[in-house]
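A.B. asks: First, the structure itself, so that you have it in front of you.
The values are calculated or read from the model by the stated rules, or taken from the named source; none is laboratory data. As the structure is a computational prediction, the values presented were derived from the model and not from experiment. Please note: Cβ atoms are built from the backbone with ideal geometry, for glycine as well, and neighbour counts cover all protein chains shown.
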Amino acid sequence: MSTSQQPQTLAAPAPRAEVPRSSQLQFRITRFLGWFLVRATLIFICVLWTVPTFGLLISSLRDKDALAVSGWWESLQSTITQDQGRSGTAADQIEQEGRYIISGNLLPEGDRREISSFGLTATGFDDFAVGETATTNEGFEITVLEDGTYRLISMEPIPESFSRGQRITFQAETPPRLTLENYDEVINTEGLGDAFLNTATVTIPATIIPIAIAAFAAYAFSWMRFPGRLLLLSIVVGLIVVPLQLSLIPVLRVYNTLELRGTYPGIWLAHTGFGLPLAVFLLYNYISSLPRDLIESAQIDGASHFDIFIRLVVPLSVPALASFTIFQFLWVWNDLLVALVFLGTRPENQVLTSQLNDLVGSRGDNWEIMTASAFVSIAVPLLVFFALQRYFVRGMMAGSVKGG
Amino acid sequence: MDQFVNAALAILLGVGGMLVYFYGTNFVLDTTLADRFAADGKLIHSNARSRERIRPWLFVGPAMLLLTFYLLYPAADTFRRSFYDARSENFVGLDNYEWAINSSGFQQSVQNNVLWLLVVPFASTGLGLLIAVLADRVRWEAAAKALIFMPMAISFVGAAIIWRFMYAYRAPGETQIGVMNAILVWFGGQPQTWITEPPLNNFMLMLILVWIQTGFAMVLLSAALKGVPEETIEAARIDGANEIQIFFRIMIPQIAGTLAVVMTTIVIVTLKVFDIVLVMTDGQYDTEVLGNYMYRWIFRNLDYGKASVIALSIMVATLPFMFWNVYRFRREEKLR
Amino acid sequence: MSKKLVTLLTLLLLIAVAVPNLAVAQDEEDLLFPIGEGPFTWSDLEPFQEMDLSGEEVVFFGPWQTDDLESVTNVVEYFNFATGANVIYIGSDSFEQQIVIDCESGDPPNLAAFPQPGLAANLAASGCLTPLGEEERQFVLDNYAAGQSWVDLATYANPNGEEQFYGLFYNVNLKSIVWYVPDNFADAGYEIPATWDELVALSEQIVADGGTPWCIGVGSGPATGWPATDWVEDIMLRTVEPEVYTQWTTNELPFTDERVQNAIEMFGMIARNDDFVAGGAVGAQTTDFRDSPAGLFTLPPECYMHRQASFIAAFFPEDVEVGVDTDFFYFPPIDPMMGNPVLGGGTVVTIAEDSEATREFYRFLQTSLAHELWMAQAGFLTPHTGANLDAYSSDVLRGQGEILVNADTFGFDGSDLMPGAIGAGAFWTGMVDYLGGASVEEVTEFVQSEWDAIK
């Protein structure tokens, strides 16, 4: 997805006249250095900016247990972990040729770990190599094999009091593994589809409506004459500073009397209201910088302001509209507070962010779920970014202005 | 499928309703105040003047209405409540203001906010501009910009997890699972408790906001840079200007407006910052900021009087930037 | 632009629809425990089965999430099944913020379960909550162990300043317990300490043996610091009379009092001793309380003891079986004069928006059955004396439940009783600062000055 229409080079203008050799060489070196520096700096910044997110991506593909043990950059190395298991109890013993045996496996089914050593105390996990025999305080003999199978042998019948089994500590090597299980869990959450639909229903109008309203207003502030124009503009822009948290309660009181709470129009308008000042500010900045001749010549041709806006200004403002679309889309998509407050907490009204937030829950220890869910919700905004990125192209603005 | 249809209908209604308003009102205006023509097509009376006197209000009307309800009215209410007690029942005069001046939490918040203001807007805008300029010169511009932009696209919950992984601390000698400490230890340093050690922790929190906001600055500045006419740059090149000169003498003046907008926006975002602080430290370890302090007084202490004073101080702090912008509007108006 | 955008967005909608939805049905087979079987007081359900509340919707808003959400929903379903009403439990991670917004904007839920009585008191004073009658108050007095404590904790001033009874404690936790791993104690030959001195001696013994006695983690995101306040409260309960403890929570006893300072310093003796705490005092400051108990279960053990409430069991590593791999002992008394007090916390269910079905649901929550149904799941304790202890899903829970039912003094989490600015603010911050090396005078003066500021 290359967006630059003309390939850009850092090159200074090509030498037009004949230049002495030495300075030509010097020029080439400078040019190469510039070429190199641009790329090196950019790559450096990009890496720096991506490392945190990349870490999250890798973490989302790791086993839950591995997350807390080693850094994500070590996820392709085997990890050595210490763990413990418990033997069967007296009830599990089998008599065999006068000996009493309890056997089983310390590792759960499907576990891929390989045991290297074991022991009987918390600190003694490497007291015995696999295959060796340890003796418990009660005089039982225990052997553990690499695959986790153990055998506890007693010469006497094992008494009932052996009800908790014997703790066996061990050291095991876990081969590295990346898995999509975390994503599986997030995507198969009950109601995620509904939440997705709710989010779309909130986000699309809540992105388009404020942009349209702001564009009309920004145009009026830029190119129409009416009393109090600059004062109104200043007030609009000044309202950017009002903290959202303070608006919630007064607005919600009115919503409750109008029964707007929990409705889609209610939340669209809320997002529109909260997003408008910045939208007007950004779009005014752009629309007011369009060439005066252009608007005036259209007026002379008899076009009304409505026609000028729709036919001339909107097409010219595509890059500005596109950038604001991205931002407004992101804010609404990732918003939790406004959705919770205006749409409510009922399950059928849940948006994606609140669904994911609830999935993570108050427990906060499900890091593996959190990491995966963060990526589930990032996919769509990135798509939108790529879809709109094509409108930031050189010459688009300058070129069309010339043509108009 | 029903839900899908409902959602689609709702969206159509929402977006359609707004379009109907703009097209409809303008149509009504154009027909009720139409110019009158004689039978031979000659203009008898033009209503253009009255039409164009009404039209601006059709354009700004919806914006003004919504803003009045969603922001202006709450702001005015905040001002009123700042003179009342916790439940906004009894008039207390300037008590809340007096409280703010003497409150150590408030003082600390102001100090920290100043610190944030000195770092975040400049760092984000500067980096955003640098990236916009550099990315403009490589073929993989889209990819580079997408990577820088990504932090903006991550929900706040996600960003909080990311940075917990970055700053995670384990005691010296244990395996570090946080990137920053792992690097530090690798170079032979001692692991740091990044978010509990003032004043370092303040900068660590700022880093998160810079990480997020640079993408914002980059998108807008990049779009503005693309608007600088190629011919102007070409002409300067022919006149022998080098790239640095072109950047400072041609590009910067051309995108000054956008730079101002980006700076202003990030200044306001910085002043209002609260969720980063709430999630990472909740203002403990000397990291309190006004936004979080206000949140605490609304939702934990249920004191609207004090919360209103804090909110007003955030608004007052942004006034200079607002005046600057209004001044800019006026100047540009004259230049046009 | 618009065409492509529309295509993209339509695509998104299509993806959304492709994800299947699961409907929830309400049948007897869907109930978690079959009616008529098990250690439940099924007769409690009969009066409700005679009611017909079909079409009545009741919103029950609370802080329970994930596993707890599932458990409480399972309980609610019995009521819905019996009466035909539609009680919807909604859990939110941001309960405290949400309930304030709901109340202030005039659209509260029918019932709200508050994890902190302080917030409930604030909202009662604002007129958002509906006071309950004498009958409901008497019920708690008669049926809850240490009933008067529970009544006091749910009695708040209404908007006119009159004291009224507002709610029923449902889901209680026990804080005065220390978790340990019996195998580790057995390996090293440690005995369970019965007094504070034995506890300190054991800690020193563990250090002498090359181990670390305690895991402490006070991190909790925005609520960082509360685990430290629990320690101080537990020590306060053991060193001062119950009346003095209550005075402390109302600031009749100033924070700068030497008894408070003494309690903080006793905590500091352990928490600020780098040898006593895994990761040192810095470790206590930076470890999240949810990650903190993991140190008990590592090999070799990072620590041998962890003082934390009953609910922490939900955060133990997945394969840990409570009762086998780990157990708890009672946080030992300090001053024998003070007996064996119990510190705890709990969730109080209040009525905000009254209705007939809401009242009936409240009555349902008073039944032994409503308590047993959650006891039989997990993460629930109750001082309800009518509830059958056999219903507890494990011996450990039963053990904790017995402590609650037999408690003579029940001290409620002090920070929850203090005003939010202190109990959920300055006290937390102060304790974090204390762990960071601030002196006890600095810390107590800071908390006291913050308290003075809100008087």
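A.B. asks: Test of understanding: among C:Glu163, C:Glu191, which residue is in the same structural domain as C:Cys303 (by TED's automatic domain parsing), free of Cβ contacts under 8 Å to residues at least 24 places away in the same chain and surrounded by fewer than 17 Cβ atoms within 10 Å (Cβ to Cβ)?
C.D. replies: After ruling out the rest, the residue left standing is C:Glu191.
A.B. asks: Return yes when A:Ile295 is modelled with pLDDT of 85 or more and either surrounded by fewer than 24 Cβ atoms within 10 Å (Cβ to Cβ) or part of a helix (DSSP H, G or I) (or both) and no when it is not.
C.D. replies: Numbers: modelled with pLDDT of 85 or more: no; either surrounded by fewer than 24 Cβ atoms within 10 Å (Cβ to Cβ) or part of a helix (DSSP H, G or I) (or both): yes.
Here the answer is no, as A:Ile295 does not meet what is asked.
A.B. asks: Now for a different question. Considering each of A:Leu248, A:Leu239 in turn, give the residue that is surrounded by 23 or more Cβ atoms within 10 Å (Cβ to Cβ), facing chain B (nearest Cβ under 9 Å) and at pLDDT below 85.
C.D. replies: On the way: A:Leu239 fails: at pLDDT below 85.
Of the residues listed, the single one that is surrounded by 23 or more Cβ atoms within 10 Å (Cβ to Cβ), facing chain B (nearest Cβ under 9 Å) and at pLDDT below 85 is A:Leu248.
A.B. asks: Just one of (1) within 14 Å of chain A (Cβ to nearest Cβ); (2) buried (at least 20 other Cβ atoms within 10 Å of the Cβ); (3) closer than 30 Å to C:Asn388 by Cα trips up C:Pro182, so point out which.
C.D. replies: (2)
A.B. asks: Just need a number here: residues in the stretch A:37-55 that are of a type in the set (Gly, Ala, Ser) and surrounded by 14 or more Cβ atoms within 10 Å (Cβ to Cβ).
C.D. replies: Initial filter on the stretch A:37-55 (of a type in the set (Gly, Ala, Ser)): A:40, A:55.
Keeping just the survivors that are surrounded by 14 or more Cβ atoms within 10 Å (Cβ to Cβ) gives A:55.
The number of residues fulfilling the criteria is 1.
A.B. asks: A follow-up question, please. Going through the stretch A:35-75 one residue at a time, which ones are touching a residue at least 60 places away in the same chain (Cβ under 8 Å), within 7 Å of another protein chain (Cβ to nearest Cβ) and hydroxyl-bearing (Ser, Thr, Tyr)?
C.D. replies: Matches in the stretch A:35-75: A:Ser59 only.
A.B. asks: I would also like to ask the following. Which residues, taken from the stretch B:139-162, are more than 7 Å from chain A (Cβ to nearest Cβ) and aromatic (Phe, Trp, Tyr)?
C.D. replies: Correct list: B:Trp140 only.
A.B. asks: Moving on. Just to be sure I understand, how many residues within the stretch C:375-411 are closer than 22 Å to C:Phe33 by Cα and part of a helix (DSSP H, G or I)?
C.D. replies: Residues that pass the stated criteria total 9.
A.B. asks: Let me ask something else. Specify which of the listed residues (C:Ala113, C:Ala120, C:Ala124) is aliphatic (A, V, I, L, M), part of a helix (DSSP H, G or I) and within 30 Å of C:Leu45 (Cβ to Cβ). Before the answer, list the steps.
C.D. replies: Working: C:Ala113 fails: part of a helix (DSSP H, G or I); C:Ala124 fails: within 30 Å of C:Leu45 (Cβ to Cβ).
Checking each option against the conditions leaves just C:Ala120.
A.B. asks: Among (1) without any contact (Cβ under 8 Å) to a residue 60 or more places away in the chain; (2) outside any helix (DSSP H, G or I), which single condition is B:Tyr285 missing?
C.D. replies: B:Tyr285 satisfies every listed condition except (1).
A.B. asks: Please specify each residue of the stretch B:316-331 satisfying the condition of being of a type outside the set (Gly, Ala, Ser), touching a residue at least 12 places away in the same chain (Cβ under 8 Å) and more than 8 Å from chain A (Cβ to nearest Cβ).
C.D. replies: B:Phe321, B:Trp324, B:Arg328, listed by residue number.
A.B. asks: While we're on this one: Just to be sure, is B:Ala241 surrounded by fewer than 23 Cβ atoms within 10 Å (Cβ to Cβ) and not in a helix (DSSP H, G or I)? Give the derivation first.
C.D. replies: Working: surrounded by fewer than 23 Cβ atoms within 10 Å (Cβ to Cβ): yes; not in a helix (DSSP H, G or I): yes.
Spelling it out, B:Ala241 is indeed surrounded by fewer than 23 Cβ atoms within 10 Å (Cβ to Cβ) and not in a helix (DSSP H, G or I).
A.B. asks: Which numbered condition in (1) modelled with pLDDT under 90; (2) out of contact with any Ser or Thr (no Cβ under 9 Å at 6 or more places or on another chain); (3) within 11 Å of chain A (Cβ to nearest Cβ); (4) more than 29 Å from C:Leu153 (Cα to Cα) is the only one that C:Thr287 fails?
C.D. replies: (3)
A.B. asks: Does the stretch C:330-350 contain any residue that is within 14 Å of chain A (Cβ to nearest Cβ) and either within 16 Å of the chain's Cα centre (by Cα) or in a loop (DSSP other than H, G, I, E, B) (or both)? Step through it out loud before you land on a result.
C.D. replies: Filtering the stretch C:330-350 down to residues within 14 Å of chain A (Cβ to nearest Cβ) leaves C:347.
Restricting the remaining residues to those that are either within 16 Å of the chain's Cα centre (by Cα) or in a loop (DSSP other than H, G, I, E, B) (or both) gives C:347.
The answer is yes; a qualifying residue exists.
A.B. asks: Inside the stretch C:213-224, can you point out the residues that are in contact with a Phe, Trp or Tyr (Cβ under 9 Å, 6 or more places away or on another chain) and outside any loop (DSSP other than H, G, I, E, B)? Step through it out loud before you land on a result.
C.D. replies: Residues of the stretch C:213-224 that are in contact with a Phe, Trp or Tyr (Cβ under 9 Å, 6 or more places away or on another chain), as a first pass: C:213-220, C:223-224.
Hits for the stretch C:213-224 are C:Trp214, C:Gly219, C:Ala223.
A.B. asks: Determine which single condition B:Ala217 fails, assuming it passes every other condition in (1) of a type in the set (Gly, Ala, Ser); (2) within 7 Å of chain A (Cβ to nearest Cβ); (3) surrounded by 23 or more Cβ atoms within 10 Å (Cβ to Cβ).
C.D. replies: (2)
A.B. asks: Criterion first (assigned to a strand (DSSP E or B) and on the phi < 0 side of the Ramachandran plot) does B:Ile44 satisfy it? Give the derivation first.
C.D. replies: Working: assigned to a strand (DSSP E or B): yes; on the phi < 0 side of the Ramachandran plot: yes.
For B:Ile44, the condition - assigned to a strand (DSSP E or B) and on the phi < 0 side of the Ramachandran plot - is met.
A.B. asks: Could I ask something else about it? Looking at this structure, is B:Val262 within 14 Å of chain C (Cβ to nearest Cβ), surrounded by 23 or more Cβ atoms within 10 Å (Cβ to Cβ), in contact (Cβ under 8 Å) with a residue 40 or more places away in the chain and in a helix (DSSP H, G or I)? First the steps, then the outcome.
C.D. replies: Values: within 14 Å of chain C (Cβ to nearest Cβ): no; surrounded by 23 or more Cβ atoms within 10 Å (Cβ to Cβ): yes; in contact (Cβ under 8 Å) with a residue 40 or more places away in the chain: yes; in a helix (DSSP H, G or I): yes.
Considered against the rule, which asks whether it is within 14 Å of chain C (Cβ to nearest Cβ), surrounded by 23 or more Cβ atoms within 10 Å (Cβ to Cβ), in contact (Cβ under 8 Å) with a residue 40 or more places away in the chain and in a helix (DSSP H, G or I), B:Val262 comes out as no.
A.B. asks: Here's something else I'd like to know. Spot the failing condition for C:Val322; the list is (1) over 27 Å from A:Phe125 (Cα atoms); (2) outside the structural domain of C:Tyr144 (by TED's automatic domain parsing); (3) out of contact with any strand residue (DSSP E or B) (no Cβ under 6 Å at 6 or more places or on another chain), and only one is missed.
C.D. replies: Unmet for C:Val322, out of (1) over 27 Å from A:Phe125 (Cα atoms); (2) outside the structural domain of C:Tyr144 (by TED's automatic domain parsing); (3) out of contact with any strand residue (DSSP E or B) (no Cβ under 6 Å at 6 or more places or on another chain): (1).
A.B. asks: Quick check on the stretch C:77-110: of everything there that is buried (at least 22 other Cβ atoms within 10 Å of the Cβ) and under 22 Å from C:Tyr392 (Cα atoms), which residue is farthest from the other protein chains (Cβ to nearest Cβ)?
C.D. replies: Within the stretch C:77-110, the match that is farthest from the other protein chains (Cβ to nearest Cβ) is C:Tyr78.
A.B. asks: Quick one: would you say C:Asp319 is part of a loop (DSSP other than H, G, I, E, B) and either touching a residue at least 60 places away in the same chain (Cβ under 8 Å) or within 24 Å of the chain's Cα centre (by Cα) (or both)?
C.D. replies: Details: part of a loop (DSSP other than H, G, I, E, B): yes; either touching a residue at least 60 places away in the same chain (Cβ under 8 Å) or within 24 Å of the chain's Cα centre (by Cα) (or both): yes.
Yes.
A.B. asks: Which of the residues that make up the stretch B:99-118 are hydroxyl-bearing (Ser, Thr, Tyr) and within 17 Å of B:Ala86 (Cβ to Cβ)? Explain how you work it out, then say what you get.
C.D. replies: Residues of the stretch B:99-118 hydroxyl-bearing (Ser, Thr, Tyr): B:103-104, B:109.
Once the filter is applied, which keeps residues that are hydroxyl-bearing (Ser, Thr, Tyr) and within 17 Å of B:Ala86 (Cβ to Cβ), the stretch B:99-118 yields only B:Ser103.
A.B. asks: Then there's this: Go through the stretch C:186-207 and report how many residues are in a helix (DSSP H, G or I) and farther than 30 Å from C:Val432 by Cβ.
C.D. replies: Of the residues in the stretch C:186-207, the ones in a helix (DSSP H, G or I) are C:186-188, C:196-207.
Checking the rest, the ones that are also farther than 30 Å from C:Val432 by Cβ come to C:186-188.
Summing the residues that are in a helix (DSSP H, G or I) and farther than 30 Å from C:Val432 by Cβ in the stretch C:186-207 gives 3.
A.B. asks: Next question, about the same structure. With respect to C:Asp416, determine if the residue is within 14 Å of another protein chain (Cβ to nearest Cβ) and in contact (Cβ under 8 Å) with a residue 60 or more places away in the chain. Quick ask: steps written out before the conclusion?
C.D. replies: Numbers: within 14 Å of another protein chain (Cβ to nearest Cβ): yes; in contact (Cβ under 8 Å) with a residue 60 or more places away in the chain: yes.
So C:Asp416 passes the test.
A.B. asks: Hey, another quick one. Please go through the stretch A:126-179 and give me each residue that is touching an Asp or Glu at 6+ places or on another chain (Cβ under 6 Å) and under 17 Å from A:Asp92 (Cβ atoms), ordered by number.
C.D. replies: Selection gives A:Ile153, A:Arg167.
A.B. asks: Right, here's the next one. Could you check, for the stretch B:81-97, whether at least one of its residues is part of a helix (DSSP H, G or I), closer than 22 Å to A:Pro227 by Cβ, within 30 Å of the chain's Cα centre (by Cα) and hydroxyl-bearing (Ser, Thr, Tyr)?
C.D. replies: Looking only at the stretch B:81-97, we keep the residues that are part of a helix (DSSP H, G or I), and these are B:81, B:95-97.
Pick out the ones that are also closer than 22 Å to A:Pro227 by Cβ and you get none.
No.
A.B. asks: Would you please name the residue that is nearest to C:Pro213 (Cα to Cα), looking only at residues in the stretch C:225-280 that are charged (D, E, K, R) and not in a helix (DSSP H, G or I)?
C.D. replies: So in the stretch C:225-280, the residues charged (D, E, K, R) come out as C:230, C:233-234, C:238, C:241, C:243, C:252, C:257-259, C:265, C:272, C:274-275.
Those still in the list that are not in a helix (DSSP H, G or I) too: C:241, C:252, C:257, C:272, C:274-275.
Numbers: C:Glu241: 29, C:Glu252: 36, C:Asp257: 30, C:Arg272: 13, C:Asp274: 11, C:Asp275: 8 Å.
The residue in question is C:Asp275.
Residue by residue, here is whether (1) more than 8 Å from every other protein chain (Cβ to nearest Cβ); (2) closer than 30 Å to A:Tyr284 by Cα; (3) at pLDDT below 85 holds:
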position: A:Thr136; (1), (2), (3): yes, no, no
position: A:Val144; (1), (2), (3): yes, no, no
position: A:Arg167; (1), (2), (3): no, no, no
position: A:Thr174; (1), (2), (3): yes, no, yes
position: A:Arg177; (1), (2), (3): yes, no, yes
position: A:Ile208; (1), (2), (3): no, yes, no
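A.B. asks: To continue, here is another question. Please pick out the residue among B:Arg164, B:Arg170 that is in the same structural domain as B:Thr270 (by TED's automatic domain parsing), modelled with pLDDT under 85 and part of a helix (DSSP H, G or I).
C.D. replies: Details: B:Arg170 fails: part of a helix (DSSP H, G or I).
Residue meeting the stated conditions: B:Arg164.
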